[in-house]
1. Against the conditions (1) touching a residue at least 40 places away in the same chain (Cβ under 8 Å); (2) over 30 Å from A563 (Cβ atoms), where does N478 fall short? Just the number, please.
2. Sort out which residues of region 225-257 are over 23 Å from I119 (Cα atoms) and surrounded by 19 or more Cβ atoms within 10 Å (Cβ to Cβ), and write them in order of number.
3. More than 28 Å from I133 (Cβ to Cβ) and touching a helix residue (DSSP H, G or I) at 6+ places or on another chain (Cβ under 8 Å): which single residue out of V255, V210, V238 fits that description?
4. Hey, among A374, A293, which residue is under 30 Å from L127 (Cβ atoms) and crowded, with 16+ Cβ neighbours inside 10 Å?
5. Does region 170-181 contain any residue that is surrounded by fewer than 16 Cβ atoms within 10 Å (Cβ to Cβ) and either without any contact (Cβ under 8 Å) to a residue 24 or more places away in the chain or not polar (S, T, N, Q) (or both)?
6. Quick one: would you say E518 is under 16 Å from G409 (Cβ atoms), surrounded by fewer than 19 Cβ atoms within 10 Å (Cβ to Cβ) and either among the aromatic types (F, W, Y) or at pLDDT 95 or above (or both)?
7. What about P211, is it assigned to a loop (DSSP other than H, G, I, E, B) and surrounded by fewer than 21 Cβ atoms within 10 Å (Cβ to Cβ)?
Amino acid sequence: MSRRGLGGAGVFRRMVRPMIVGGSIAVVCALLFLAGLFHSLSNRTTDRLFTPRSVDPRIRVVAIDDVSISKIGRWPWDRTVHAKLIRTLAKSGASVIAYDVNFPEAQSEDEDEALANAIEDAGNVVLPVELQIAERNRVIFYDPRHTLSSISEIGAVAGRSGHSNTPPDQDGVVRRIPLAIQDENGNGSMHAFAYEAARLADPALSVSSVPQDAQGRVIVSYPGTPHAIFPTISAADVLQGTADLTSLKGSIVFVGSTAYDLHDAQLVPTSEGVLMPGVELHAALADTLLSRAWLVSMPSWHIALLIIMIGLLFGCIIPFLRIRWSLLMAAIVWIGIVAASFVFFDQGLIMDLVWPTIAIVASYAGVMVERRLAAEHDRQAIRRVFSQYVSPSVVDAILRNPERIHLGGERRTMTVLFADIRDFTTLTEHADAEELVGWLNAFLHRMTRVIFDRRGVLDKYIGDAVMAFWNAPLDEPNHPVLAVEAALDMKHTLERMNAEGVFGGASWSIGIGINTGEMVVGNVGGSSHADYTVIGDSVNLASRLEDLTKMYGATIIISRETAKHLGDAFLLRRLDRVTVKGRTEPVDIVEVIDRATRATSTDRERVRIYEQALDAYYTKQFHETVTACERIVDTDRAAHVLCNRAKTYRDRETPGDWNGTWAYTEKKG
């Protein structure tokens, strides 16, 4: 079974379903975007796109600041002061004087007349009108009965007047200003204060030429942060004649309060926590109009289409990418959208960033979840098939690499283990059949768990024997160590089972053979049933080594090829040099006594004496071999074997090509 074998259902899960999931999520995101969800967040995100730009060089600000109030006197000033300020600005050659101060009540006749005369003589003064505005059916209108404007004597002589309303969005930030507000009675409309000032400077400007939203609002293209946009002169310096007014010739002068205590300031997209004075806000709108620095929102359906395309794109591509590449793709898409939003913004087009970002995250997460569920479905299908005859570790390897499922094989260096119960035939003669099966199942279960704990693969049960291997299909660089660790664990586990009386009071023992070498591993069998197994001469040798354990009275015998990978982690003793059935090459065999940390001094002394005897044996010093072996022969089966063999050679001549090899041509177990 492989992903290719899943047929039409596999194609659907692989291609169509992810697109459906990604597209569906994107459609939901698009609908929520069109419904206005997270609109404030979208606005705040767009605020980050504002960057400093040059402004119309004609615009100047004359600030009624804290310094002016401290020098001229507390607010409100006498109207003769305002009159002087207007005359001074007019005399300096200002082309427009946008005077953002309201005079709704009469003072003395002389003062009112002085201000009116100054405004009339200047002929280019624009005055503000404050309206009480409301919204109905997405139309902003004002109540003409509730307006705050200068008294008629002053207002009538102004060159122009316009509303000074700058209504903030729900989050308190002023982004859009109504360019014209309709009378609720349908008796005309009133233009914005800044628009009237700009139109006085540029008669070609018209309301119809200015891009507006559905409510008649224009997006202010703020060119910088508060107090740092326009050249500013203190009103006190103008009044006291200390300012250089030559720069005001032909300029558009906005006069208004910047003093903190007058509370005429609001948050704007470029505030960075600093309120922008109302006079600068009006000047920013005028600059937007005069510079034609239009900002318009991208049509909603464009954004909705982009969101849907993101979902479909992710659904189409992600299933064919690894996680790291899919994350990179998502990041690239997001960076591309952010970069595009900056480019569009620079061209005057505002593209929402929040919902495309949400669509990226949601679509990516949705498609990845769908992929995970689909993968889990495939995993379970594979697991149901293969867990019947291979170990969980093999199943997991197959699940990670389904392409490994084929009837071929691969040649690789591995370690294989055979473990067999000693004298099992004798045990069967003294036990009830049902009881014996229960004991055998308990034994095989515990041995199998040991193998799995040491990351081995259970090849098969051969009656009362267990076969396992390491380093396939998973790479295990220290596979010889893992195999020997497993063998020792099996030995100690069986000792505990005997102590626990698992076998009805009987004491079971095992022999274990281990070899490391080149083997062929793969699925061996037919198309309807195959076993994941190892074959080769190295496998046969491990089986022969297990046969020899009874001959030498050893629990674990390994080949020299395995031993050379173990380092000092275990107490080993060189056991013999033999040839086994099916092989002509001599094999040096080694006994694993225990882990080095658990070995006793008695164990180490026994190993030293035996290897001393073995070295003497290899050099034909048979008397010395017998002498050494007799020191431990009573408790060591291997020493008994070597001692008897040395006695045999001691009494006869050895061949000239003798190298100490003992030939075993039959199974000894």
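1. Every condition holds for N478 apart from (2).
2. P226, I229, F230
3. V238
4. A293
5. Checking region 170-181: at least one residue is surrounded by fewer than 16 Cβ atoms within 10 Å (Cβ to Cβ) and either without any contact (Cβ under 8 Å) to a residue 24 or more places away in the chain or not polar (S, T, N, Q) (or both).
6. yes
7. Judged against the criteria, P211 is a match.
Here is a yes/no grid of residues against (1) buried (at least 16 other Cβ atoms within 10 Å of the Cβ); (2) at pLDDT 95 or above:
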site: I556; (1), (2): yes, yes
site: E561; (1), (2): yes, yes
site: L571; (1), (2): yes, yes
site: K581; (1), (2): no, no
site: T584; (1), (2): no, no
site: R606; (1), (2): yes, yes
site: D615; (1), (2): no, yes
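The values are calculated or read from the model by the stated rules, or taken from the named source; none is laboratory data. All values derive from a computational prediction rather than experimental measurement. When we count neighbours, we look across all protein chains shown, and the Cβ atoms used for this are built from the backbone with ideal geometry, even at glycine. For accessibility, only protein heavy atoms count, side chains too; no ligands or nucleic acids. Shrake-Rupley method; radii C 1.70, N 1.55, O 1.52, S 1.80 Å.
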